[in-house]
1. Would you list S194, S157, S89, S269 from fewest to most Cβ contacts within 10 Å?
2. Might you report the magnitude of the Cβ-based charge dipole of the chain about its Cα centre, with Lys and Arg at +1 and Asp and Glu at -1, to the nearest 20 debye?
3. How much mean residue ellipticity at 222 nm does the chain get from its helices, if each DSSP H run of length 4 or more adds -39500 (n - 2.57) and you divide by all residues, to the nearest 500 deg cm²/dmol?
4. Could you list H244, H87 in order of exposure, starting from the residue whose Cβ has the fewest other Cβ atoms within 10 Å?
5. Cβ under 12 Å from V261's Cβ, V261 left aside: what net charge do those residues give with Lys, Arg +1 and Asp, Glu -1?
6. What number comes out for the charge environment of L276, summing +1 per Lys or Arg and -1 per Asp or Glu over other residues with Cβ under 12 Å away?
7. When 1/r is averaged over all different Cα pairs and the result inverted, which Kirkwood radius in Å belongs to segment 222-282?
8. Computed FRET efficiency, Cβ-Cβ of R54 and E282, R0 30 Å: what is it to the nearest 0.05?
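Coordinate-derived values only; no laboratory data. Quantities reported herein were computed from a predicted structural model and do not represent experimental measurements. Glycine gets a Cβ as well: all are built from the backbone with ideal geometry, and neighbour counts include every protein chain shown.
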Amino acid sequence: MTSIDVHDLTKEYGTRRAVDHLTFRVAPGRVTGFLGPNGAGKSTTMRLVLGLDRPTSGTATIGGRAYATLREPLRHVGALLDAQAAHGSRTGHAHLRALAVSNRIPLARVDEVLEETGLAAVARRRVKTYSLGMRQRLGIAAALLGDPEVVMLDEPSNGLDPEGIVWIRELLRRLAGEGRTVLVSSHLMNETASFADHLVVLGRGRLLADTPMRGFIHARVRPAVRIRTTDATALENALAPHGHRVVRHEDGHWTVHHARVDDIGRLASAAGVPILELTAEEATLEQAYLDLTADETEFTAQPSATQQQEA
């Protein structure tokens, strides 16, 4: 099977190092989410993998070969980096047909991917009349055209409506289920959590994490319990001797951090505390990501003078 292998990859633009000795592997049969703050080096890394930029040092290969050495590359790698890449005066069908001819892909694939991406009805319209979501679907159609073993998508959900987001989620899962290598860059944490099996996280060009998604979340976000009761004092008195501190929220519920439902339920029950709600608060990818990248964000909004005074 074909993997993407990045080894000691570095890219410098003048005095700025966009990618800093980066090493990771994108394995087949799973969706790998590619995350990082703005300026982290994600797009640069994808360009280096696709031969659109030359590395200062290190290597980026696909199935052990540099992209530039692949004959008829669309048969091996499908990529979407820029939804605006198609010429506006061409029709969607003509754009895909030109790609198919240049890579000796059967023309029947053009109609197949147009149907698969929901563009069959607008295939004869000029691309300049397409909405952002339609252009995004056309870029995905181009990536799928050669039935490639490797698929690389940069922000594939951008511009898609809710139906389109569900569709891309199912598409990514299907591609990985077929044994393909799938790398998806995204800034939408909740969306990434819905389809990714594995995560590669960058910060200022460096590798911050290369790990299964669930392990990444659980390692960085401690468990918490959500609880509602008619007797807050009794709840606090029952939990405090065991080192648990409860935090009250405006809507009336309480949170017990670094705790598990079974333990809190057992203590509350033993103390006779009336319980209206007792649930685990699920740790999220967003929480774990923000915890990891807090010091790696290049562009951060500064608090206003009023906020600083309030703090």
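1. Details: S194 15, S157 21, S89 9, S269 12.
Starting with the residue having the fewest Cβ neighbours, the order is S89, S269, S194, S157.
2. Working: 36 positive and 37 negative charges, 258 e Å.
In debye, rounded to 20, the chain gives about 1240.
3. On the way: 11 runs with 105 residues, N = 311.
Counting only the DSSP helices, I get -9500 deg cm²/dmol.
4. Numbers: H244 18, H87 12.
By the 10 Å Cβ count, ascending: H87, H244.
5. Values: positive: R226, R260, R266; negative: D262, D263, E277, E281, E282.
Counting the neighbours of V261, the net charge comes to -2.
6. Working: positive: R226, R228; negative: D231, E277.
The answer is 0.
7. Values: mean 1/r = 0.0898 Å⁻¹.
Hydrodynamic radius (Kirkwood, Cα only) of segment 222-282 equals 11.1 Å.
8. Working: r = 43 Å, r/R0 = 1.45.
The calculated FRET efficiency here is 0.10.
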